[in-house]
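What follows is a short report on a single structure.
Just so it is clear, none of the values below were taken in a lab; they were calculated from the coordinates. None of the values given here were measured: they were computed from a predicted structure. Every residue, glycine among them, receives a Cβ derived from its backbone with ideal geometry; neighbour counts consider all protein chains shown.
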Amino acid sequence: MLFEVLHVGDCTVKMARLHMAEIELTYPRDGIALVTMNRPDKLNAMTSTMVEALHETFSVIGRSRDVRVAVLTGQGRGFCAGLDLGGYGEAPGFEWMGSVEKGFAVQKHIASLIPKMRSIPQPIIAAVNGPAAGGGFALVLGSDLRLCSETARFNAAFIRIGLSACDIGTSWLLPRLIGAARAHEIMLTGRLFDSEEALRIGLVTEVLPADVLLDAAYIKAQEIMLNSPIGVALTKEGMWASLEIPGLQAAIDMENRQQIMASFSDDARETQRAKREGRPPQYRA
C-alpha cells in the first residue's frame, strides 16, 4: 500500500484505498505530512480523481493536531504539468448534462483547491522537484512556502493553449508574490522560467540539488514547529487575510484580536512555562 497511516484515524485509511494510484500521503518525520502527486508518467498532470484526492488529503491533514506542517511534491521528474489534456474527467458530485455546465463544474472543482490549501491551519511547503505548469504552477503559488530543485521550471501555461492566464487563483496570487509588473509579463507571454529566475524574483526562497530538496523542506518544517501550533495557524491565517485587507488599520485590528486569542491558549501557556523551566515546549495533540 502506498500510504503509511499514522495518527490520523480511519478516514485516512479509506482515502488511501480509494485514491492510492493518484496521491501518496506519508509521514516522514514527526509532525510532518508529505503529500506526493503520483502520476510520474504524466508529469503528475491533474485528473478529476487526483484533484479530489488532494481535496480529501488536505481535509485529513487539516483535521489532525499531530500534523504540524505539510510538504507538497511530485513523484518522478515533474512537480505537476497542470491539467491532463488527455482527459481530466468530470467533477465528482455533479451530473450536469450541458457542456457549459460540466465545464464550469470542473473549473470550480480544480480552482477550489487553492482556498482549501489556504483554509487548513498547517503551513504547506511546496518542494518543487521539476516542471510546474498551469495548474501545477497554481499549486506552487497557493502554498505558504516554496523551495525548488535546480531542475524546476515554471509557467502560466493556460495562455499557451488558447485560454486566459488568469486561472486557479494565479491572477491574484502571482502579483502579490512577485509584483504586478513581473507577474503581468509572465502571464501574458506564458514563457517558461527556470529555478534561478524564480529565486531572483522571490517566487521561491531556496534552490537546491534534487537529492536534498525534501530534506531541506523537512528542516524548514521543523523550524516552523519550534513555534506553537496556534501561533503558526493564526500567522498563516493572518498573512493570507492581510493580502486581502486594503488598509493598515483593518490589518492591525485583526492582529490585535489574534494576539488576545492566542495569549489565552494552552499553547501560549505551555510556551511560557517551558521558557521559565528552560526546556522545549511540549504541545498537546
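The three principal axes of the Cα atoms in region 183-285 give end-to-end lengths of 53, 41, 20 Å, sorted in falling order. Among all the aspartates and glutamates, which ones have a C-alpha under 18 Å from Lys102's C-alpha, if same-chain residues fewer than 8 places away are not counted? By straight Cα distance, Lys102 reaches Glu52, Asp84, Glu90, Asp167. Within a straight-line Cα-Cα reach of under 18 Å, Lys275 can be paired with the following aspartates and glutamates, leaving aside sequence neighbours fewer than 8 residues apart in one chain: Glu223, Asp266, Asp267. Over all projection directions, the Cα-based convex hull of region 65-158 averages an area of 7.2 nm². Farthest towards the positive end of the charge dipole of region 139-285, among the residues Ser263, Asn227, Ile186, is the Cα of Ser263, using unit charges on the Cβ of Lys, Arg, Asp and Glu. Spin-label pair Ala241-Thr189: with each label point 7 Å from Cα along the Cα-Cβ axis, the two points sit 3.9 nm from one another.
Counting every other Cβ atom within 10 Å of each residue's Cβ, Asp84, Asp211 order from fewest to most as Asp211, Asp84.
Across the chain, C-alpha contacts under 8 Å between residues 6 or more apart give a mean separation that, scaled by the residue count, equals a relative contact order of 14 percent. Only helices enter this figure: runs of n ≥ 4 DSSP H residues, each worth -39500 (n - 2.57), summed and divided by the residues of the chain, yield -14500 deg cm²/dmol at 222 nm to the nearest 500.
Dipole orientation for the chain: of the candidates Ala251, Ala111, Leu34, Ala251 has the Cα lying most toward the positive pole (charges on Cβ; Lys, Arg +1; Asp, Glu -1). Taking label points 7 Å from Cα along the Cα-to-Cβ direction, Glu101 and Leu163 give a separation of 2.1 nm. For region 121-245, what does the alpha-carbon gyration tensor say about shape, rounded, prolate or oblate, given a ≥ b ≥ c as the root eigenvalues, a/c under 1.5 as rounded, and a/b over b/c as prolate? Note, shape of region 121-245 comes out oblate.
The charge dipole of region 62-164, taken about its Cα centre with unit charges on the Cβ atoms of Lys, Arg (+1), Asp and Glu (-1) only, comes to about 300 debye. Over the chain, the ratio between the Cα radius of gyration and 2.2 N^0.38 Å evaluates to 1.02. According to the Kirkwood relation over distinct C-alpha pairs, the hydrodynamic radius of region 229-277 is 11.7 Å.
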